[in-house]
């Protein structure tokens with residue numbers, strides 16, 4: 001796997017995205033999927049930047065490897081407090097504008113755009129892994 | 001991201017271009033809030049040139065729309081396409097905003 005470790009901050013997101021984007025282009029992932037990849041990485045990395053170490057700071061490691069034809073396996077790890085983003089409640093779509101909660105959409109978007117997403121705690125690390133892009137659902141247009 | 005405001009008779013048109021992400025979404029929210037404080041009831045966001053929006057951007061749209069609604073106004077979206085449109089559809093936000101193809105169509109409803 002190729003790895004890049006940077007400070008876990010919002011300012012690192014574009015460099016980390018650029019790093020994974022390089023792998024995606026190398027794996028032959030379609031151009032129009034790359035903006036989705038940026039989105040997935042931003043959503044995961046902003047969570048790490050905000051919650052993993054607060055009020056301290058720490059590092060985030062992004063690693064990727066080719067998982068198949070035009071497919072990338074991505075792992076994002078931090079050394080912060082135990083935090084499983086996949087435990088977040090799904091957004092409540094039944095609410096109207098006035099009382100629709102403002103948060104909780106990031107993890108939902110990530111889940112909607114990747115396959116095989118999983119969280120594990122390994123020693124003192126939180127590791128979120130997924131494959132990208134998502135397989136087309138049969139009958140989906 | 002660039003935001004270019006045009007003051008019209010019944011609304012303020014905000015032409016948003018580029019990428020709205022975690023680092024700059026608050027700029028859109030602040031720009032809208034200045035107009036709301038100024039007494040603007042209807043904001044039309046022209047998103048034809050918006051290439052990317054993440055959940056932080058969605059938060060800003062939602063927050064601005066909630067403020068305008070409680071002041072009997074509205075945040076109207078037009079020109080949504082590509083990834084931003086997909087993101088609004090996936091999160092079912094599209095049904096919460098008035099959405100038009102063009103700003104002319106949006107203006108005609110005010």
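Listed values, structure above:
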read-out: Tally, over segment A:6-27, of residues that are touching a strand residue (DSSP E or B) at 6+ places or on another chain (Cβ under 9 Å) and farther than 13 Å from residue A:62 by Cβ; value: 3
read-out: Residue within segment A:110-119 that is crowded, with 16+ Cβ neighbours inside 10 Å, free of Cβ contacts under 8 Å to residues at least 40 places away in the same chain, more than 9 Å from every other protein chain (Cβ to nearest Cβ) and within 19 Å of residue A:1 (Cα to Cα) present; value: yes
read-out: Output for segment A:86-102, where each listed residue is at the interface with chain B (Cβ under 10 Å from one of its Cβ atoms) and surrounded by 13 or more Cβ atoms within 10 Å (Cβ to Cβ); value: A:91, A:97, A:100, A:102
read-out: Single residue of segment B:46-56 satisfying the filter (in contact with a helix residue (DSSP H, G or I) (Cβ under 7 Å, 6 or more places away or on another chain) and more than 14 Å from chain A (Cβ to nearest Cβ)) that is surrounded by the fewest Cβ atoms within 10 Å (Cβ to Cβ); value: B:46
read-out: Condition check for residue B:39: surrounded by 21 or more Cβ atoms within 10 Å (Cβ to Cβ) and either at positive phi or at the interface with chain A (Cβ under 9 Å from one of its Cβ atoms) (or both); value: no
read-out: Subset of segment B:69-82 [more than 10 Å from every other protein chain (Cβ to nearest Cβ) and either part of a loop (DSSP other than H, G, I, E, B) or out of contact with any strand residue (DSSP E or B) (no Cβ under 7 Å at 6 or more places or on another chain) (or both)]; value: B:71, B:72, B:73, B:79, B:80, B:81
read-out: Test result for residue A:74, under 21 Å from residue B:55 (Cα atoms), modelled with pLDDT of 90 or more and within 14 Å of chain B (Cβ to nearest Cβ); value: no
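Okay, residues lined up against (1) surrounded by fewer than 18 Cβ atoms within 10 Å (Cβ to Cβ); (2) in a strand (DSSP E or B); (3) away from every other protein chain (no Cβ under 13 Å); (4) in contact with a helix residue (DSSP H, G or I) (Cβ under 8 Å, 6 or more places away or on another chain):
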residue	(1), (2), (3), (4)
B:35	no, no, yes, no
B:44	no, yes, yes, yes
B:58	no, no, no, yes
B:67	yes, no, no, yes
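The values are calculated or read from the model by the stated rules, or taken from the named source; none is laboratory data. Keep in mind that this is a model prediction, so the values were computed, not measured. A quick note on method: Cβ atoms are made from the backbone with ideal geometry, for glycine too, and the neighbour counts reach across all protein chains shown.
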